[in-house]
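*Asks:* Following this message is one structure expressed as structure tokens.
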Amino acid sequence: MKPVMSAREGLILLILLNHPDLLAGQIDEIAALDFAASEASALRDAMVLWIEMGGPDCEDLTQFLESKGFSSALGRLSGMAAHATLWSVRPEAASIDAAESLRQALVLHRRAWALNRELREVESRLAQEPNERDAARIRDIQTQLSALEGAEAALEGFGALSGRPSRSL
């Protein structure tokens, strides 16, 4: 069974879809991004192709993705409940606010990816040779992964350019 697109993968893709200038500015980083869901990877690859073909100069990103057969994926992406109240992913959000949300999502995504990789390694070791140190490490990694779910940082001034009240640390 293939993995379903995670909320964080969806968040990253939705920000890029609604703010294609961010995609163009970070094309190498986005192209190298690991996604667990094949649908997320395919959508990312199509977005990268759009930039390589001229991006905003050739056609609207959404139209391009629909022409490549991603209509149902786009529908699921826009309907993901995790993003319903996250104003910074919307097209009308200031680019700087969307960029900050993207930066945070990428940091958290990379951290979760690394922790999951380490978890698989430690579980494999533990299966070969049970020991308390690896068992404790697994519990620690699982705690860290739980803490990453839905994590968002509160940043000084975040949202001000989009007309949102700023929060301070």
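*Asks:* Order of 117-124, 101-108 by packing, highest average Cβ count within 10 Å first?
*Replies:* In decreasing order of mean packing, 117-124, 101-108 become 101-108, 117-124.
*Asks:* Beta carbons within 10 angstrom, averaged per residue: use that to sort the peptides 23-34, 6-17, highest first.
*Replies:* Details: 23-34: 15.0, 6-17: 23.0.
Going from most to least packed, we get 6-17, 23-34.
*Asks:* To continue, here is another question. Just subtract the alpha-carbon distance of residue 114 and residue 34 from 0.36 nm times their residue separation and send over the number in nm, one decimal.
*Replies:* 27.8 nm
*Asks:* Report the chymotrypsin sites (Phe, Trp or Tyr not before Pro) located in segment 10-95 that are in a DSSP loop and have at most 13 other Cβ atoms inside 10 Å of their Cβ, or state none. Please report the intermediate quantities before stating the final value.
*Replies:* Working: sites: 35, 50, 64, 70, 87; in loops: 35, 70.
Those that pass, being in a loop and sparsely packed, number zero.
*Asks:* Sticking with this one: Place a point 7 Å from Cα of residue 149 in the direction of its Cβ. Which residues in segment 1-39 have their backbone N less than 18 Å from it?
*Replies:* The answer is 3-11, 36-37.
*Asks:* Here is a follow-up. On full extension of the chain, what length is gained from residue 53 through residue 27, given 0.36 nm per residue of separation minus the C-alpha to C-alpha distance?
*Replies:* Here the segment from residue 53 to residue 27 would lengthen by 8.1 nm.
*Asks:* Run the numbers for residue 140 and residue 66: contour at 0.36 nm per residue of separation, minus the present Cα-Cα distance, in nm.
*Replies:* Value of the extension gain: 22.4 nm.
*Asks:* For segment 9-75, what is one quarter of the convex hull surface built on the Cα atoms, given in nm²?
*Replies:* On the way: hull surface 15.8 nm².
The orientation-averaged projected area of the Cα hull of segment 9-75 comes to 4.0 nm².
*Asks:* Residue 92 to residue 124: FRET efficiency via 1/(1 + (r/R0)^6), r the Cβ-Cβ distance, R0 41 Å, to the nearest 0.05? All intermediate terms of the calculation are to be shown ahead of the outcome.
*Replies:* Details: r = 47 Å, r/R0 = 1.14.
Efficiency, rounded to the nearest 0.05: 0.30.
*Asks:* Based on alpha-carbon positions alone, could you give the equivalent ellipsoid semi-axes of segment 1-146 from the gyration tensor, as √(5λ), descending, whole Å?
*Replies:* In descending order the semi-axes read 33, 16, 14 Å.
Read the figures in this text as sums done on the coordinates, not as results from a lab. These numbers were taken from a predicted model, which means no experiment stands behind them. As a convention, Cβ positions derive from the backbone with ideal geometry for all residues, glycine included, and neighbour counts pool all protein chains shown.
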